[in-house]
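**Student:** Before anything else, here's the structure in question.
No value in this document is a laboratory result; all are computed from the given coordinates. It should be emphasised that the depicted structure is a prediction, and the values quoted were computed from it without experimental measurement. Using ideal geometry, Cβ is built from the backbone for each residue, glycine included, and neighbour counts are taken over all protein chains shown.
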């Protein structure tokens, strides 16, 4: 090794200086950006709720409608949201319909009771049920093909799709069959009633 190279190798090296001011400024900037995005999302949520202000209050669950007595079907799982029927990205947020939650569903002759711990319960009268089908997604939630039970119902002159996922996905077809039959029976009854007038 030449004396010059030996001198360079032996020269003391200073430890790299950390630019704490730059790092702190970067972290603060990132936090401000995250808070701003969250604020924009909340404002968008409120704005959508305002636009949907013409949607009437949801019917309360009648006494006994959520019990096991007289239940045709029950389901425990999750509620994933509601949209305008046929438009799976047009989320409805009015009256708590935009809040995802656990859900207990009970189908009786009266209608469909949706009990949601930590969120507003609601009830769909039998006359308002329009059918059910299996889908892969709703309101930004995507599941394996057919993994979501979508119930279509009418409220305030508006058709609504509500998405549910049972803890036991094998229960979904029975709900599709039962709600499809309920809708058909109601339509037939309505037609017969109109014809009798």
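**Student:** Starting from the Cα-Cα distance between residue 33 and residue 101, subtract it from 0.36 nm times their residue separation and give me the gain in nm to one decimal. Before the final figure, lay out the partial values.
**Tutor:** Values: separation 68, 0.36 × 68 = 24.48 nm, distance 2.81 nm.
In short, 21.7 nm is gained.
**Student:** Could you give the nm distance between label points at residue 76 and residue 141, where each point is 7 Å from its Cα heading toward the beta carbon?
**Tutor:** About 1.7 nm, to one decimal.
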